[in-house]
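Only one structure is covered here, and it is reproduced in the block below.
The values are calculated or read from the model by the stated rules, or taken from the named source; none is laboratory data. Bear in mind the structure is a predicted one, so any value in this text is a computation, not a measurement. FYI the Cβ positions are ideal-geometry reconstructions off the backbone, even for glycines, and counts take in every protein chain you see.
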Amino acid sequence: MTVTIVGSQLGDEGKGGVVDLYGDAADIVARYQGGDNAGHTVVSDGEKYKLSLVPSGAVRGKIGVLGNGCVVNPETLFSELDQLRERGLEPDVRVAERAHAILPYHRVLDGIEEKEKADLAAGTTGRGIGPAYEDKMGRRGVRIGDLLDPAVLRERLEYVVPQKRALAEDVFGVTLEGETADAFDVDHLFESYRAYGERLATEGMTVDCGTFLQNRIDAGENVLLEGAQGTSIDIDHGVYPYVTSSNPTAGGASVGTGLGPTVVGQGEIIGIVKAYLSRVGTGPLPTELGGVEGQTPDYDSEGVDEEDEAEQLATYIRDEGGEYGTVTGRPRRVGWLDVPMLRHAARASGFTGLAVNHIDVLAGLEEVEVGHSYEFDGEEIFTVPPTTEQWGRCTANYRTFDGWPEVDWTAVAEEGYEAIPENARTYLEYLADELDAPLYAIGVGPGREQTVILERPYDS
Ligand code: IMP
């Protein structure tokens, strides 16, 4: 069976921890979208592993798969694999031949276009994700399978690279020199990507993803489908254009692996919720507390009063929750939980269960608020409106919950759900009610053992 893990907010909900937890009972952990924009830290036997592309299950002896819906930078892939091997692991990672490759010019263009877009910039991770997906949809991409066939690789590059060079030089007026010039040089790209192809072939890493996974499922194995990023930065269902270029929502799990929607739908789809909100990047965020210069629209830190309660709360939550980007180190925007955003996510992916993380981060606050609904042009609405401009006009109607104390969260995790402070349980049960999905796991600390487990989806 499959269990699909979906971020229900803006990424960084703590999906890695849940994948890690439920991945124990899985044989295969497969990613279905995104690329090396997805920073996650895995702690195993006291060792910390920082990964951005390789599925975290690979650290624990599972087969890791990068599905056809992913964009794969082979340089990152091999550097992460080498890093794991140097530390004594033997990761088994397969890559879909239908997945698209990120080439060096994608990264360069990501940077150029972000600058050019100014106010429309999404604040990307600069990994070339958007430009690689653009080429996929523009039918000028290079797929992983193409790297194994030198004649096809050369043909693809000879078609696309002059266009990319013209885009950089003639449209954006950039002078290409040094390493940046190499990124647009057919021969240079051909040599390096052919070598990646050889390594993929020698190590037997490429697969026909859908067939590979379906065969394993038919043989009775468990597959965990690991979404990266989150619903509100989904290309279709997010805060467009401040989004990533793929579908983190559950539909992406089918398209991005080659498993049928019925196969994914017969399994479980678990929405990962962080008990508050965090965001790297720009766009509206009605429940935001304070702001981050360059990311919060119209926010100017010069005019900010340090005594301001919202600013102080923001700093408190940011520091308690370690809300700084794993990939970029940037401070994240933070806010109260946004329930309209979660209703939108629950509907778009059809959650069968919820994992709520980081309730420990909010411990010690006298009161905890949530945005229960929005006020939108004089009307109360309960989900996210379709355009970003409309979303920007929404203000949150808050509900206030009594706070819960700081407790020994490790002991809570050992004792189980009833040991969670009562006010926190009230908060959690409100959430499960509003989203019409049961609580499966509650994260009460950063380690995977600091989780209260209510359901083990592969056992049910
Ligand atoms: P890109 O995915 O690098 O193109 O970035 C597009 C938007 O998605 C930016 O606002 C990024 O901050 C955001 N983003 C991409 N990956 C992640 C992630 O793993 N966590 C949170 N935000 C992300």
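General remarks:
- Segments classed as helices (runs of 4 or more DSSP H), wholly inside segment 299-394, with at least 2 members that are under 21 Å from Ala441 (Cα atoms): 339-349
- Positions within segment 125-134 being in contact with a helix residue (DSSP H, G or I) (Cβ under 8 Å, 6 or more places away or on another chain) and surrounded by fewer than 23 Cβ atoms within 10 Å (Cβ to Cβ), in sequence order: Gly126
Per-residue answers, yes or no, for (1) within 16 Å of the ligand (Cβ to nearest atom); (2) small (Gly, Ala, Ser); (3) not assigned by TED's automatic domain parsing to the domain that holds Val6:
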| residue | (1), (2), (3) |
| --- | --- |
| Asp146 | no, no, yes |
| Leu157 | no, no, yes |
| Leu167 | no, no, yes |
| Gly173 | no, yes, yes |
| Glu177 | no, no, yes |
| Phe184 | no, no, yes |
| Ala195 | no, yes, yes |
| Gly210 | no, yes, no |
| Asn215 | no, no, no |
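- Filter pass, Ile381 being under 26 Å from Glu320 (Cα atoms) and either modelled with pLDDT of 95 or more or within 25 Å of the chain's Cα centre (by Cα) (or both): no
- Candidates Glu306, Glu288, Glu293 - the one that is of a type outside the set (Phe, Trp, Tyr), closer than 23 Å to Ile359 by Cβ and not assigned by TED's automatic domain parsing to the domain that holds Pro248: Glu288
- Among residues that are of a type in the set (A, V, I, L, M, F, W, C), part of a helix (DSSP H, G or I), in contact with a helix residue (DSSP H, G or I) (Cβ under 6 Å, 6 or more places away or on another chain) and outside the structural domain of Asn222 (by TED's automatic domain parsing), Val412 is included.
- Of Val152, Val142, Val171, all but one fail to be surrounded by 19 or more Cβ atoms within 10 Å (Cβ to Cβ), among the hydrophobic types (A, V, I, L, M, F, W, C) and at pLDDT 95 or above; the exception is Val142.
- For segment 266-275, the condition of being assigned to a loop (DSSP other than H, G, I, E, B), farther than 21 Å from Ala345 by Cβ and away from the ligand (no atom under 12 Å from the Cβ) holds for none of the residues.
- Selection from segment 315-331 of residues that are surrounded by fewer than 24 Cβ atoms within 10 Å (Cβ to Cβ), of a type outside the set (Phe, Trp, Tyr) and at negative phi: Thr315, Arg318, Asp319, Glu320, Gly321, Gly325, Thr326, Val327, Thr328, Arg330, Pro331
- Residue count for segment 1-51, restricted to those that are away from the ligand (no atom under 13 Å from the Cβ), surrounded by fewer than 23 Cβ atoms within 10 Å (Cβ to Cβ) and assigned to a loop (DSSP other than H, G, I, E, B): 6.
- Qualifying positions in segment 112-139 - more than 11 Å from the ligand (Cβ to nearest atom) and outside any loop (DSSP other than H, G, I, E, B): Ile112, Lys115, Glu116, Lys117, Ala118, Asp119, Leu120, Asp135, Lys136, Met137
Residue by residue, here is whether (1) outside the structural domain of Gly329 (by TED's automatic domain parsing); (2) within 15 Å of Asp92 (Cβ to Cβ); (3) free of Cβ contacts under 8 Å to residues at least 40 places away in the same chain holds:
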site	(1), (2), (3)
Gln9	yes, no, no
Lys15	yes, no, no
Asp27	yes, yes, no
Gly34	yes, no, no
Asp45	yes, no, yes
Leu51	yes, yes, yes
Ser56	yes, yes, no
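- In the set (1) in contact with a Ser or Thr (Cβ under 9 Å, 6 or more places away or on another chain); (2) small (Gly, Ala, Ser); (3) crowded, with 23+ Cβ neighbours inside 10 Å; (4) at pLDDT 95 or above, Ser246 fails one condition alone, (1).
- Test: residue in segment 267-280 that is at negative phi and either without any contact (Cβ under 8 Å) to a residue 24 or more places away in the chain or out of contact with any strand residue (DSSP E or B) (no Cβ under 8 Å at 6 or more places or on another chain) (or both): no
- Of the criteria (1) surrounded by fewer than 19 Cβ atoms within 10 Å (Cβ to Cβ); (2) touching an Asp or Glu at 6+ places or on another chain (Cβ under 8 Å), which one Trp404 fails: (1)
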